[in-house]
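Here is the structure we will look at, set down as structure tokens.
What follows draws every value from the coordinates through simple rules; no lab data is involved. Everything numeric in this text was worked out from a predicted model, so none of it was measured. As a convention, Cβ positions derive from the backbone with ideal geometry for all residues, glycine included, and neighbour counts pool all protein chains shown.
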Amino acid sequence: MTSQEFRNSLRDDEPSAGLSALLRALWWDAKGNWCRAHEIAQEIESPNAAWVHAYLHRKEGDAPNAAYWYGQAAKPPCKAEVEGEWLEIADHLLALEFHG
């Protein structure tokens, strides 16, 4: 799946079958369901999950919590617009999932 296909899937009512949990979390976040996205992200223990978790807390305005999760992801706190970070994370996860 390409980045554009992933973004196009936001027109659907449910995420595409076969997406990883973290891509589903980003999908739900983009659909306006922050809580569902957060529920998914907090259930996974990995640097990529921590990155998604950090992004979600940054988006909600909880900078201290976001900073903690950026640390868990071994990433500096993001300074870009949240939409730009969403795209960066999505592209990273799509590359891992669909391009090895």
Qualifying positions in the stretch 60-74 - part of a helix (DSSP H, G or I) and either among the polar types (S, T, N, Q) or over 15 Å from the mean Cα position of the chain (by Cα) (or both): A63, P64, N65, A67, Y68, G71, Q72
Selection status of K79, more than 17 Å from T2 (Cα to Cα), surrounded by fewer than 19 Cβ atoms within 10 Å (Cβ to Cβ) and either in contact (Cβ under 8 Å) with a residue 24 or more places away in the chain or of a type in the set (S, T, Y) (or both): no
Among all residue pairs at least 6 apart or on different chains, which show Cβ distances below 6 Å where the first residue, located in the stretch 40-67, is touching a residue at least 12 places away in the same chain (Cβ under 8 Å) and the second is among the hydroxyl-bearing types (S, T, Y)? A54/Y70
Restricting the stretch 1-59 to residues that are outside any helix (DSSP H, G or I) and of a type in the set (V, I, T), which is surrounded by the most Cβ atoms within 10 Å (Cβ to Cβ)? I44
Looking at the structure I just gave you, is W86 surrounded by 15 or more Cβ atoms within 10 Å (Cβ to Cβ), closer than 11 Å to L26 by Cα and of a type in the set (F, W, Y)? yes
Just to be sure I understand, how many residues within the stretch 60-76 are crowded, with 17+ Cβ neighbours inside 10 Å and of a type in the set (A, V, I, L, M)? 2
